[in-house]
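Okay, structure first, notes after.
The values are calculated or read from the model by the stated rules, or taken from the named source; none is laboratory data. Everything numeric here is computed off the predicted structure, so don't read it as measured data. Using ideal geometry, Cβ is built from the backbone for each residue, glycine included, and neighbour counts are taken over all protein chains shown.
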Amino acid sequence: MLTRRLLASVSLACLLLCSGVGTISAQTAAEAPAPSARVAPTTPASAPPPAAQPDPAEAPTPGTDEEVEPTLEEPEAQPSEAADAPAADADSTEAAAAQTALSAGQEPVEAAPAPVAAEANGTCETPRQAWLQLLYWLQKNEGRWEPERAAACFDRSELDSAALAAERAEMLKEVLDARSAWIDVDALPTNPNYTDNETGLHRYTNPAVRDRIGPELYLVRQPSSRRWVFSAASLAAVPDLYPKTIKRIQDSLPGWSKALLFGIELWKYGMIVLLFFVAWLVKSAVVTILGRYMRRITRHPRLRYLDRLVEHAQGPIGALTMALVFSIALPYLLLPGQAARVADFALELLITFAAVWLAYRLIDVVSDFLAARAATTDSKLDDQLVPLVTKVLKLLVVVIGGIFILQNRGVNVGSLLAGLGIGGLAVALAAKDTLANFFGSLMIFIDKPFQVGDWVVVDSTEGVIEEVGFRTSRVRTFYNSLVTVPNALVTNSMVDNYGARRFRRYKTTLGLAYDTPPAKIEAFCEGVRALIARTPGMRTDFYMVEFTGFGASALELLVYSFMDTPTWNEELRTRSNLNLDIMRLAHDLGVSFAFPTQTLHVSSLPQMGASVPSHSGPSEHDELAAVVKGYARGGDRGLPSGSTVAGNFDCDAATSKSDEDG
């Protein structure tokens, strides 16, 4: 763990070293603009020499080809609009040429500084000129460090001297760099009559400054001179924003420690290492205290599932704590603009990563809790639903983390999402089958036509449900193959769920030989009823055993009942036991089962001289009529209605059911 932390510290230091190689101010959008600010970078040779201070008496009149740079003693110099027009046209032409070169992937041969330098001339006519006056003349790496010129657009009503104004300019620049307040030059207002939308006043607060530092720093337009200047209240607040303790430490250090290495002073590297050690101590304390407190809570029986959270949340909480310590302390080191921006971005990534990591752990804990709840329910579909919901939540956390990073980098997330929405329409048309399967899975989870472990028949596919996913469902067939069925097909097909049966039906037709006497047939039927009533696993409140018809080769008996068995194995065992008992009953009663046969009867012809039967006695018709009358109401043949051979084994439910069925 210590090695990993040391590697993290070295990585952060290397990141700062790499950023320091090309260190420029975070506010030099005019010199090295962001991709959105298409302004050619200014070379040090093209900038005015730092030592050249123009004489107020020799200052050229505004509107000439020479640059107007009034001194601090003459801040009210105002160029005329007509005189500035030629310079503005030339500036725009040069800027367009530089922009064309950049867009073509080429380096401008001699990028003219006119778009920036011409505006950083102390006139302060617009909010853009006021900001550029501060930023342009405080570029140490570009050979321009003139605090007096940078303070030309300051309200000095509460400043005692020009030296104090120059000091405030330096302090303000370092605060902007340390807080990574990136000023987008293209977004600065160029309207001299700019008014704030909220207050309606001639007042401008830069959004980056407001977000990174606060609303204390803002520009106002002076009523008399109509110049845009940093307000007196803003300049008075600068000392409170400036880290005086670090400044005193810096002043007390020896000269060699202030030497630059990759654009960063040596003593700041030592402070970064010290800061890492302090962050590690804070992290260890937070994790230890929080771990002890959480273990006390998890002693409660109902909160046992939080043990995993205590165990696995230490990593993300520790990373988040160290990142927060660095984000609080790094601005006080007054790193150069580029290094501060890179460090700020690295910390932003680390904080986002730690937050996503912690959210992952929380989702895992919630998933364990829901899985334990799902295990206690009868439905098995929720066992599949829990991991699917867990995956969706984790994906959502990653997306939110990515949106957070993009938004903090200045990306218009709303426009990006709108663009994705338009592009998503084309993707949806191309992936309509995938979307249909996804919505099919939602319908399965809502309607619950089956659950995991059910025996189903779906569109000629028969087997047991093994898994229900977001796109497909998997069915294990009875020949042990695995069939993947699209969920869209499941929702659009008829699903026969054998697993949802309350009872399992037993239905068969027994064929008895045609020479079986009626008494034995009736005794056999009653015996089968008795077997059903005593066989374990058979439903005893509803069954039917009746002589239903005369088949082509057998007397047909219908046996219709249900089995109360939860599994197919128990169903087969119960069916086998009942069939064996029926065969034993038939053997004991002397009843034989018929099978398809054909009997050929040959009639013999009477021989010559044979005697002819006499018809002197009662006619055959009369005998048959007497037999039929014996089976009629009040006759002496047949059994009385409702009588049985060995007792009544019928069930009321069977009788009522047969009546209802007609």
### Filter result (hydrophobic (A, V, I, L, M, F, W, C), surrounded by fewer than 21 Cβ atoms within 10 Å (Cβ to Cβ) and either touching a His at 6+ places or on another chain (Cβ under 7 Å) or assigned to a helix (DSSP H, G or I) (or both)) within the range 153-183
ALA162, ALA163, LEU164, ALA166, MET171
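Report the residue count in the range 568-589 for those that are hydroxyl-bearing (Ser, Thr, Tyr) and in contact (Cβ under 8 Å) with a residue 12 or more places away in the chain.
Residues flagged as hydroxyl-bearing (Ser, Thr, Tyr) and in contact (Cβ under 8 Å) with a residue 12 or more places away in the chain within the range 568-589 amount to 1.
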### Message
Just to be sure I understand, how many residues within the range 207-224 are assigned to a loop (DSSP other than H, G, I, E, B), of a type outside the set (A, V, I, L, M, F, W, C) and closer than 19 Å to TYR242 by Cα?
### Response
4
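For every residue, the table says whether it meets (1) small (Gly, Ala, Ser); (2) touching a residue at least 60 places away in the same chain (Cβ under 8 Å); (3) touching a Ser or Thr at 6+ places or on another chain (Cβ under 8 Å).
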| residue | (1), (2), (3) |
| --- | --- |
| ALA117 | yes, yes, yes |
| ALA130 | yes, yes, no |
| GLN139 | no, yes, yes |
| ARG149 | no, yes, no |
| SER161 | yes, no, no |
| PRO192 | no, yes, yes |
| GLU198 | no, no, no |
| ARG210 | no, no, no |
| GLY214 | yes, no, no |
### Message
Return the residues of the range 192-206 that are modelled with pLDDT of 90 or more, of a type in the set (Ser, Thr, Tyr) and part of a loop (DSSP other than H, G, I, E, B); say none if nothing qualifies.
### Response
TYR194, THR195, THR205
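Are any residues in the range 136-152 surrounded by 24 or more Cβ atoms within 10 Å (Cβ to Cβ) and assigned to a helix (DSSP H, G or I), and if so, which ones?
Taking the range 136-152 first, the residues surrounded by 24 or more Cβ atoms within 10 Å (Cβ to Cβ) are 136-139, 149-152.
Passing the criteria: TYR136, ARG149, ALA150, ALA151, ALA152.
Considering only residues that are assigned to a loop (DSSP other than H, G, I, E, B) and surrounded by 16 or more Cβ atoms within 10 Å (Cβ to Cβ), which ones fall in the range 543-563? Please lay out each step first, then the result.
First, pick out the residues of the range 543-563 that are assigned to a loop (DSSP other than H, G, I, E, B): 551-554.
Within the range 543-563, just ALA554 meets the criteria.
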## Note on the structure
Of the conditions (1) modelled with pLDDT of 75 or more; (2) among the basic types (Lys, Arg); (3) more than 19 Å from VAL490 (Cβ to Cβ), the single one that ARG409 does not satisfy is (1)
### Task
Give me a count of the residues in the range 257-295 that are at pLDDT below 80, surrounded by 13 or more Cβ atoms within 10 Å (Cβ to Cβ) and hydroxyl-bearing (Ser, Thr, Tyr).
1
### Query
Which of (1) at pLDDT 90 or above; (2) surrounded by fewer than 16 Cβ atoms within 10 Å (Cβ to Cβ); (3) in a loop (DSSP other than H, G, I, E, B) is the odd one out, the single condition PRO189 does not satisfy?
(2)
### Residue match in the range 491-511 (condition: in a helix (DSSP H, G or I), touching a helix residue (DSSP H, G or I) at 6+ places or on another chain (Cβ under 6 Å) and within 25 Å of GLY453 (Cα to Cα))
yes
### Message
On the basis of being of a type outside the set (Phe, Trp, Tyr) and outside the structural domain of VAL458 (by TED's automatic domain parsing), does LEU489 make the cut?
### Response
no
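Inspect the range 529-540 for any residue being part of a strand (DSSP E or B), charged (D, E, K, R) and within 26 Å of VAL464 (Cα to Cα) and give the result as yes or no.
First, the residues of the range 529-540 that are part of a strand (DSSP E or B): 538-540.
Next, only the ones that are charged (D, E, K, R) stay: 539.
Checking which are within 26 Å of VAL464 (Cα to Cα) leaves us with 539.
Taking every residue of the range 529-540 in turn, at least one turns out to be part of a strand (DSSP E or B), charged (D, E, K, R) and within 26 Å of VAL464 (Cα to Cα).
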